[in-house]
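Structure first, commentary second.
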């Protein structure tokens, strides 16, 4: 059960980042896909909650980092979480997701540079 805590924090950070970027990235993605209309402008309603979602994203990323690097894994010998390859794979997944999430969070600040 303790092996899932890092992945749960990572999943929670992904959901929080999606919530944080729905006001800014959502309309851009929908327009790029050819989906448009006046309702796309109503997605900016979530903008006041953006700082909260950014904070949650960073909190959950921090919890996942703590689980993967700071707290030693509690595994019985022979369990999957005791294998060095599994730990390396989890850390690689963490860093890929962290880079993607942080780039997703910076889109509203970087988007004016491109249009």
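The values are calculated or read from the model by the stated rules, or taken from the named source; none is laboratory data. Note that this is a predicted model, so its numbers are computed, not measured. Using ideal geometry, Cβ is built from the backbone for each residue, glycine included, and neighbour counts are taken over all protein chains shown.
A few remarks follow.
- Residue count for region 58-114, restricted to those that are assigned to a loop (DSSP other than H, G, I, E, B) and closer than 23 Å to residue 19 by Cα: 2
- Checking residue 16 against (1) within 30 Å of residue 65 (Cα to Cα); (2) at pLDDT below 75, the condition it does not meet: (2)
- Test: residue 45 is more than 16 Å from residue 9 (Cβ to Cβ) and out of contact with any helix residue (DSSP H, G or I) (no Cβ under 9 Å at 6 or more places or on another chain): yes
- Any hit, region 34-55, residues being part of a loop (DSSP other than H, G, I, E, B), modelled with pLDDT under 75 and surrounded by fewer than 16 Cβ atoms within 10 Å (Cβ to Cβ): yes
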